Every structure is written in structure tokens, then in C-alpha cells.
Amino acid sequence: MQQIFFPAEWHSQSGVQLTWPHMGTDWADILDEVIDCYLSISREIIKREKLLIVAPGNSEVEQYFSKEEKKNIIFTEVESNDTWTRDHGAISVFIDGKPTLLDFGFNGWGLKFAANHDNQINNKLYKKSIFNSDVEYKNNQNFILEGGSIETDGKGTLLTTSKCLFASNRNQPLTKEQIEKHLKSVLGINRVLWLNYGFLAGDDTDSHVDTLARFCDEDTIAYVKCDDENDQHYLELKQMESELQSFVKSDGNPYNLLPLPMVDALYGNNGRLPATYANFLIINNAVLVPTYGTTKDEIAKSQIKKQFPDREVVGVDCTTLIKQSGSLHCITMQFPEGFIR
């Protein structure tokens, strides 16, 4: 029987992937603005590990980086529809000790958006000389699964939301039991914690867990807490909090829960935006925390620092990213140590 290890995000990393914004993406109208945000994130990553940049044309991206910065960047030419790497990127596991890229199907969050190019990125990357020679690739595109929809503690527990995984145009008509069985078989996990409550207005993903609740270690879950009874999120997030309080670890003990503040309301052309501090990214020796220029930014960073005392906590202004209803974690995908050359 195969032994599958699905490492947590805090596992030592060999690099992070960014799929770069270009004129063919929804960022076209604010391209310079969003590239500034991508550069801020890129420079924090390359201080600590490799950065893999996917773009239709390398020269357009390379111009933004110095000769010294480029030493830690892998530029690769691949077409893309958009830039949400967390959801079209491969999920990394170790099967019998071998580093393995699992390429699940990505269909634009249930056929909401075009994904014909995004859905080919992982296979095209694998065919390039980016990964170590022992890295394997497994095509799992018959099952729709976005990286933002799942959280692992690296010890066999998966945290996810029923609103996303049971959403129409994903894997219907599979039942909860069938979906859970499949996740266990391909990810090597032995139990699934299902959140049935929690949402953010303006979210296109059907409540991805990485916008709501995140493992910080195998004992601790950070989550979005809403204290304003007049906020449209109050009741659902209160119910989500109750669910988290009812969850127990494999040893039967409850989790440590780390509340993160609800971002002060931000609005775009179509209403409220799904801004969240839960969309942080754990990298080697640091945690990158999205900030939005509101009064809650410093509170959120302080809360996250409590859980990661040995890592630098770096705020990155993501007010541009949230205009397209995503944030920092959504545009990144980490590769554990042993994957990138």
C-alpha cells in the first residue's frame, strides 16, 4: 500500500510559484498597479527561497528585477487565463518518499470563468527542467480540486468547507462520503473536518477555507471572527466559530483557536469585497500577511505573530489584489523542499 505524505504549509520549502498578471487577464485595466503588488510579494519570497514565475513572455517580467534578484528566480513561459496560482497550481505530496505533483482539474471555480490555459500549466511546467529528476507527475484532472479549498496539518487531517466541495459544477453528483473517500486516497489523509458555515461577501470561490480558517500548526487554527452584530457576516461566522470549537484533534483534545479580526468593510464596483487576514502565506522563516490599509491591519499581524514567534511577520499591501476578489495566499503556491532544482 502506498504511503502518501501531504505536508503542511510550514514544511520546509524549495520555492513558491506566482502566475504573473498580463494584458490577457482581468488585471488589464490596473496592470501597473497589480504588478507593483506582485513585485512586493516576489521580493519577500526571494529573500528566503526560490521563486517560480509563470508568464506568457519572460522578457516582460524580467525587466522588473535586478541581476542579483534574478539569481533566485526561475522564469518560465506558459500561457495563462488568470493569476490564481493557489487554485490552478499543482498540489505537492510525497508518495513512498518520492516528491509528486498532483494535477487536479481546475474549471474556473465551477465554470464561472475560463480556465483552458490555466488547466494546462502544471503539465507544461513538469515537462520543463524546473523540478528535480525524481519528481513525479500524476494527472488527477478527472477530479476538480482547488488548493485554496483545502488545509492540511501535515499529520493526516484535512480542513475544508462543504459549500465549496459540494458546489454544483465541481464534482457533482458525488456524495460527501465519495468525495471524502477520494480525498483520503489521493492525499493520504485519514480524516476530514468539514466547515458547514462561513462565507465572505463578494467571494467567487464558494467559500474557500483559506479565506476563513487556517492551520498554523497541528494544534492551532486561525479563523476570521466577526464581532459586529450588524455585519452581514456575523451570524455565519459565529456559527463557524462554534463548529471550530467543536472540532477535536486526533488525540481527542480541542484545538487552540486564534481569532483574526474581520477586515473593515471594503467595496468595489459590484459591492463588498472579500477581504480577509486568513489569506496569509507561510514561507521559510516568515509569514506574509495581507494588509488592506484599515485599522485592523496591525491587530491581525500581532495575532499571527503570537502563533509564529520564530518567523518574521511581514505585512504586504493587498488592496489591489482584493479588487479582483482574491488576496495573497490565492496568488501563490508553495513547493516543499525536494521539488525545485
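The values are calculated or read from the model by the stated rules, or taken from the named source; none is laboratory data. Not measured: the values here are computed from a predicted model. Please note: Cβ atoms are built from the backbone with ideal geometry, for glycine as well, and neighbour counts cover all protein chains shown. Note: accessible area is taken over every heavy atom of the protein model, side chains too, but ligands, DNA and RNA are not part of it. Shrake-Rupley method; radii C 1.70, N 1.55, O 1.52, S 1.80 Å.
For the pair LYS71 and ASN230, label points projected 7 Å from Cα toward Cβ lie 5.6 nm apart. Would you mind estimating how fast the stretch 202-341 diffuses translationally, via Stokes-Einstein at 10 °C and 1.306 mPa s with the Kirkwood radius over Cα pairs, in µm²/s? In µm²/s, the coefficient rounds to 101. In plain terms, if you count all Cα to Cα distances in the stretch 45-120 and split them into 10 Å steps from zero, the share in each step is 17, 38, 34, 12, 0 percent.
Expressed in Å, the radius of gyration and Dmax of the Cα atoms of the stretch 228-295 are 15.1, 47. Dipole magnitude for the stretch 191-341: computed about the Cα centre from +1 point charges on Lys and Arg Cβ and -1 point charges on Asp and Glu Cβ, it is near 280 debye.
Over 25 Å between Cα atoms: which of LYS128/LYS181; LYS112/LYS296; LYS112/LYS323 fall into that group?
From the list (LYS128/LYS181; LYS112/LYS296; LYS112/LYS323), the Cα-Cα distance tops 25 Å for LYS128/LYS181; LYS112/LYS296.
In this structure the amide hydrogen of LEU258, modeled in the peptide plane, comes within under 5 Å of the amide hydrogens of ILE221, ALA222, TYR223, none closer than 5 places in sequence on its chain. The three principal axes of the Cα atoms in the stretch 273-335 give end-to-end lengths of 32, 31, 14 Å, sorted in falling order. Within the chain, DSSP assigns beta bridges of which about 45% are antiparallel (rounded to the nearest 5). Fully extending the segment from ASP29 to ALA265 would add 82.6 nm, taking 0.36 nm per residue of separation and subtracting the current Cα-Cα distance. Approximating the spin labels as points 7 Å out from Cα along Cα→Cβ, the LEU257-to-ASN169 distance works out to 3.3 nm. For the stretch 94-138, applying the loop criterion from DSSP together with a ceiling of 16 other beta carbons within 10 Å to the trypsin sites (Lys or Arg not before Pro) yields LYS112, LYS127, LYS128. Placing +1 on the Cβ of every Lys and Arg and -1 on the Cβ of every Asp and Glu, with no other charges, gives the chain a dipole of roughly 840 debye about its Cα centre. Here, the chain has an Rg and a Dmax of 18.7, 55 Å when only alpha carbons are counted.
The mean sequence separation of alpha-carbon pairs under 8 Å and at least six residues apart, normalised by the residue count of the stretch 217-341, gives a relative contact order of 21 percent.
Remark on the stretch 1-128: ratio of C-alpha radius of gyration to 2.2 N^0.38 Å is 1.11. Each of GLN324, GLY148, PRO261 was scored by the projection of its Cα onto the charge dipole of the chain, and the greatest displacement toward the positive side belongs to GLY148; charges sit on the C-beta of Lys, Arg, Asp and Glu. Assign one of three labels to the stretch 129-171, namely rounded, prolate or oblate, based on the Cα gyration tensor with a ≥ b ≥ c the square roots of its eigenvalues; rounded applies when a/c is under 1.5, prolate when it is not and a/b is larger than b/c, and oblate otherwise. Oblate shape, in that a/c is at least 1.5 and b/c is the bigger or equal ratio. No solvent, one uniform scatterer per C-alpha: report log10 I(q)/I(0) for the stretch 133-264 via the Debye equation at q = 0.15 1/Å, two decimals. Summing over Cα pairs of the stretch 133-264 leads to -0.75. Only protein heavy atoms count here; under a 1.4 Å probe, LEU193 has an accessible surface of about 20 Å². Along the axis of the charge dipole computed for the stretch 64-128 (Cβ charges of +1 for Lys and Arg, -1 for Asp and Glu, origin at the Cα centre), the listed residues ILE91, ILE74, TRP109 are led at the positive end by ILE74.
Residues ASP264, ASP29, ASP297, sorted by accessible area with the largest first, give ASP29, ASP264, ASP297 [1.4 Å probe; ligands and nucleic acids excluded].
Taking the helices alone, the chain has a mean residue ellipticity at 222 nm of -6000 deg cm²/dmol, built from -39,500 (n - 2.57) per DSSP H run of at least 4 residues and averaged over all its residues.
Report the semi-axes of the equivalent ellipsoid for the stretch 26-75 in whole Å, largest first, where each axis is √(5λ) for an eigenvalue λ of the Cα gyration tensor.
19, 12, 9
Could you list the GluC sites (Glu not before Pro) in the stretch 211-316 that lie in coil according to DSSP, counting only those with at most 15 other Cβ atoms within 10 Å of their Cβ? Hits after loop and neighbour filter: GLU229.
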